Amino acid sequence: MCRNIRTLHNFEPVATSDEVRAAALQYVRKVSGSTHPSKANQAAFDEAVEEIAHVTQHLLDHLVTSAPPKDREVEAAKARARAAQRYATASA
């Protein structure tokens, strides 16, 4: 799976439509193998992004969980700490 697609479910604050669309864009880029489609494929590419964003938003709106929502800032700090440790280990 594409590393740039982040988990969007069960966070506080909830995922924005821009975040959902960005995840859909990354998915379509990965599946199509193209970051910039040709003019001939642009309409199909854009349509796929919009449809996937819509379905993703529908999914997020209907998922339920009993777990408390995660804090975005706390999770981002954890990810930065993991990356710092990983890159410090790799260069040593």
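Worth pointing out:
- Filter result (of a type in the set (Asp, Glu) and loosely packed, with under 10 Cβ neighbours inside 10 Å) within segment 63-92: 73
- One residue stands out in segment 32-55 among those that are closer than 20 Å to residue 20 by Cβ and polar (S, T, N, Q): the one that is modelled with the highest pLDDT, namely 32.
- Residues in segment 1-44 that are small (Gly, Ala, Ser) and under 19 Å from residue 76 (Cα atoms): 15, 22, 23.
- Positions within segment 56-69 being among the aliphatic types (A, V, I, L, M) and under 14 Å from residue 18 (Cα atoms), in sequence order: 60
- Matching residues in segment 25-34 - criterion: being over 23 Å from residue 57 (Cβ atoms) and open to solvent by 60 Å² or more (accessible area, probe 1.4 Å): 33
- Any chance residue 16 is at pLDDT 90 or above and exposed (fewer than 11 other Cβ atoms within 10 Å of the Cβ): yes
The values are calculated or read from the model by the stated rules, or taken from the named source; none is laboratory data. From a predicted model like this one, the values you see are computed outputs, not experimental measurements. Virtual Cβ from ideal backbone geometry, glycine too; neighbours counted across all protein chains shown. Surface areas here come from the heavy atoms of the whole protein model, side chains and all, with no ligands, DNA or RNA. Shrake-Rupley method; radii C 1.70, N 1.55, O 1.52, S 1.80 Å.
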